[in-house]
1. If you go through the range 265-288 one residue at a time, how many are within 16 Å of ligand 1 (Cβ to nearest atom) and of a type in the set (A, V, I, L, M, F, W, C)?
2. Please pick out the residue among 196, 205, 230 that is of a type in the set (Ser, Thr, Tyr), more than 16 Å from ligand 1 (Cβ to nearest atom), at pLDDT 95 or above and under 17 Å from residue 13 (Cβ atoms).
3. Just checking, which of 133, 140 is touching a helix residue (DSSP H, G or I) at 6+ places or on another chain (Cβ under 8 Å), within 20 Å of residue 59 (Cα to Cα), within 16 Å of ligand 1 (Cβ to nearest atom) and touching a residue at least 12 places away in the same chain (Cβ under 8 Å)?
4. From (1) touching a residue at least 40 places away in the same chain (Cβ under 8 Å); (2) touching a helix residue (DSSP H, G or I) at 6+ places or on another chain (Cβ under 7 Å); (3) more than 21 Å from residue 94 (Cα to Cα), pick out the condition that doesn't hold for residue 8.
5. Considering (1) touching a residue at least 24 places away in the same chain (Cβ under 8 Å); (2) more than 16 Å from ligand 2 (Cβ to nearest atom); (3) more than 16 Å from the chain's Cα centre (by Cα); (4) outside any helix (DSSP H, G or I), say which one residue 43 fails and leave the rest.
6. Which pairs do you get when a residue that is on the phi > 0 side of the Ramachandran plot, found in the range 83-108, comes within reach of a residue that is near ligand 2 (Cβ under 9 Å from one of its atoms) and acidic (Asp, Glu), reach meaning Cβ atoms under 9 angstrom, with the pair 6+ apart or on two chains?
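The values are calculated or read from the model by the stated rules, or taken from the named source; none is laboratory data. This structure is a prediction, so every number in the text was calculated from the model and none was measured. Backbone-built Cβ (ideal geometry, glycine too); neighbour counts: all protein chains shown.
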Amino acid sequence: MTAITARAHTNIALIKYWGKKDPKLILPYTDSVSLTLNDFYTDTTVEFVDELAADQFSLDGQAQVTTKITPFLNLVRDLAGINLFARVESTNHVPTAAGLASSASAYAALALAASRAAGLNLDQQALSRLARRGSGSATRSIYGGLAIWHRGEDDATSFAEPLPTPDLDLAMLVVLVDAGPKPISSRNLMANTVETSPYYPAWVTHNQQAAQQMVTALAQNDFAAVGHLTEQSSMQMHATILASDPAFTYWTPETLKAWAIVKQLRADGIPAYATMDAGPNVKILTLGEQVPKILNALQADFAGRVLTTTPGPAAKVIGAQHD
Ligand code: ADP
Ligand code: DP6
Ligand code: CO
């Protein structure tokens, strides 16, 4: 059969997804809103092959277990009505499991490559639903630019959609506090937060409202509101995590240092807002013209550890090789 290579970019949530109402189908408790990034992505090649006795998976040239991708490939096989095993080769142009959303680009690329390799031609909504089954954040990485993941109420209604491009020159700086793998996966920690954090119900109510406010702020090109909502959603997520049992945070002292620089920039009149995910790294949402000033402010503490990026494109097929 044909080997298909797909590329999907990571996305950073401005309004976070944190917690599954249905862990099997990956249905979230709240909507979330994200920005797909231009400079971080995953390339994945999938080929369904007659001679294989099991799925094969390599990441960055190293053989991997298939515990997570085989159940995902089973969904694709069921959809396509095939029963061949697959050879999957993936390369991350993003640190893996470091809180920089490798699972988002990974499962968006795998959804697109595997479905095409299996002979399916899914539209973006169907791809978004399929990617969701691999990793929640991947639901949004099917699209370029800004996307909203509607939490929905079942498999058919929980998918992401693109949001209109605002008249804002959005930029994001990534402060690499630690690019190594996180001590606890997002999956395990969010389950424990749902189960044990007394703040979780408040998070759901508030974050769901914030997602709607974000859509409005973007439609109005109101960057101060977009930035404020972004920082608040992240801080509220981390507060909810901190209150879980056992108490936990992904943050390190350097995370707080970077956040303090962002707050000082704002006090100096520069629009910059911090957002942190399941890891200590700090992403700064700003406008393109502000990037040099922000780089300058980070120079003393984070020289050589800041990457600048802009909105990125939708997932796409970048290669097809016929036998
Ligand atoms: P991150 O913050 O990077 O999204 P997660 O804990 O959510 O961290 O996801 C990391 C996991 O995603 C990895 O342990 C691996 O199972 C999976 N993953 C990452 N990159 C790939 C890839 N290119 N292909 C398939 N799975 C991947
Ligand atoms: C903090 O999508 O990695 O980045 O659905 O279990 O694979 P699973 O988790 P994942 O969680 C992402 C959490 C987050 C916020 C976000 O991306 O919305
Ligand atoms: Co992830």
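1. Residues in the range 265-288 being within 16 Å of ligand 1 (Cβ to nearest atom) and of a type in the set (A, V, I, L, M, F, W, C): 3 in total.
2. After ruling out the rest, the residue left standing is 230.
3. 133
4. It is condition (3) that residue 8 fails.
5. Failing condition for residue 43: (3).
6. Qualifying pairs under 9 Å: 99/277; 101/277.
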